[in-house]
1. Scanning for something in contact with an Asp or Glu (Cβ under 8 Å, 6 or more places away or on another chain), part of a strand (DSSP E or B) and within 16 Å of ligand 2 (Cβ to nearest atom), does region 121-130 turn up at least one residue?
2. State all residues of region 157-216 that are among the aliphatic types (A, V, I, L, M) and either more than 9 Å from ligand 1 (Cβ to nearest atom) or more than 12 Å from the chain's Cα centre (by Cα) (or both); if no residue qualifies, say none.
3. Is there a residue being crowded, with 16+ Cβ neighbours inside 10 Å, small (Gly, Ala, Ser) and not in a helix (DSSP H, G or I) anywhere in region 102-117?
4. Of the numbered conditions (1) out of contact with any Phe, Trp or Tyr (no Cβ under 8 Å at 6 or more places or on another chain); (2) more than 23 Å from Thr188 (Cβ to Cβ), Thr87 fails exactly one; give the number of that condition.
5. Among residues belonging to region 83-107 that are touching a residue at least 60 places away in the same chain (Cβ under 8 Å) and more than 21 Å from Leu49 (Cα to Cα), point out the one that is nearest to ligand 2 (Cβ to nearest atom).
6. Would you tally the residues in region 115-129 being in contact (Cβ under 8 Å) with a residue 60 or more places away in the chain and either over 22 Å from Asn205 (Cβ atoms) or of a type in the set (Lys, Arg) (or both)?
7. Report, by residue number, each residue of region 76-101 that is surrounded by 15 or more Cβ atoms within 10 Å (Cβ to Cβ) and within 14 Å of ligand 1 (Cβ to nearest atom).
8. Only one of Glu199, Glu156 is on the phi > 0 side of the Ramachandran plot and acidic (Asp, Glu). Can you tell me which?
Amino acid sequence: MSDDQLNEKLIAAKQKWAAEGRGLTGEPVKPQHYRLPSGQHLVTGLPVLDLGIQPNLSLKDWSLTIGGQTERKLTWSWDDYMAQPQTELTCDIHCVTTWSSYDNVWKGVSARHLMEAAGVKPDAQFVMLRSYDGYTTNVPLKEFSADDVLIAHSWEGKPISRDHGGPVRVVVPKLYFWKSAKWVRAVTFMDKDSPGYWEQRGYHNNGDPWKEERYW
Ligand SMILES: Nc1nc2c(c(=O)[nH]1)N[C@H]1C(S)=C(S)[C@@H](COP(=O)(O)O)O[C@H]1N2
Ligand SMILES: [Mo]
């Protein structure tokens, strides 16, 4: 075979792959994959993942503290929190352990409202989420201030169960699910970044599933 013939054969093979829609992984691209980031598989429902400590919080003792680089330091009791404007939204969830779950319906207070209520200072660039089980996770302010970030109290029309982070958890749909702190107790705005629990243990600082930002 001449060099020209060989080249034509290679081009034809590549054209065929293009027509078949082959991805880098060699797997044919199916329409549903447009919704599923690379390396993920779809599950139904919501698996439970945490450090094995599931705090049992009564609404009476529960509070959420908002502070750091803010004009006001707020401590919301359950009634204070529930008195804030409520937002409902549906999102897909992508966990770094490779499961994804479609169409999760959440209700709660939007991160944007929380930021407005506390008066976030221009110096703030990062957010630390702290939870009642000792868990922490850091989120860039750019991601936390997206219009789909919720401080949520209900899932699928019911109060969030204890194992999924009830009474209140954060939901950051655009990042891997470890950034969505369950049993949240404090939201702290920071001018400097600081790694959270998994970020100290090799997980990616940002965690965008569409860029496969899984580990450092
Ligand atoms: N407080 C707290 N939040 C947490 C965790 C945790 O251990 N503690 N685990 C994270 C991880 S790794 C995942 S995948 C999701 C799991 O949420 P789920 O159990 O509701 O599916 O919670 C995240 N938020
Ligand atoms: Mo996770």
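Since every read-out is calculated from the coordinates, none of them should be taken as a lab result. The model shown is predicted, which means the values in this text are computed figures rather than measured ones. Ideal geometry is used to build each Cβ from the backbone, glycine not excepted, and the neighbour counts take in all protein chains shown.
1. No; the residues of region 121-130 include none that is in contact with an Asp or Glu (Cβ under 8 Å, 6 or more places away or on another chain), part of a strand (DSSP E or B) and within 16 Å of ligand 2 (Cβ to nearest atom).
2. Matches in region 157-216: Ile160, Val168, Val171, Val172, Leu175, Val184, Ala186, Val187, Met190.
3. Checking region 102-117: at least one residue is crowded, with 16+ Cβ neighbours inside 10 Å, small (Gly, Ala, Ser) and not in a helix (DSSP H, G or I).
4. Status for Thr87: all satisfied but (2).
5. That would be Leu89.
6. 2
7. Answer for region 76-101, where residues must be surrounded by 15 or more Cβ atoms within 10 Å (Cβ to Cβ) and within 14 Å of ligand 1 (Cβ to nearest atom): Cys91, Asp92, Ile93, His94, Cys95, Val96, Trp99, Ser100, Ser101.
8. Result: Glu156 is the single residue among Glu199, Glu156 that is on the phi > 0 side of the Ramachandran plot and acidic (Asp, Glu).
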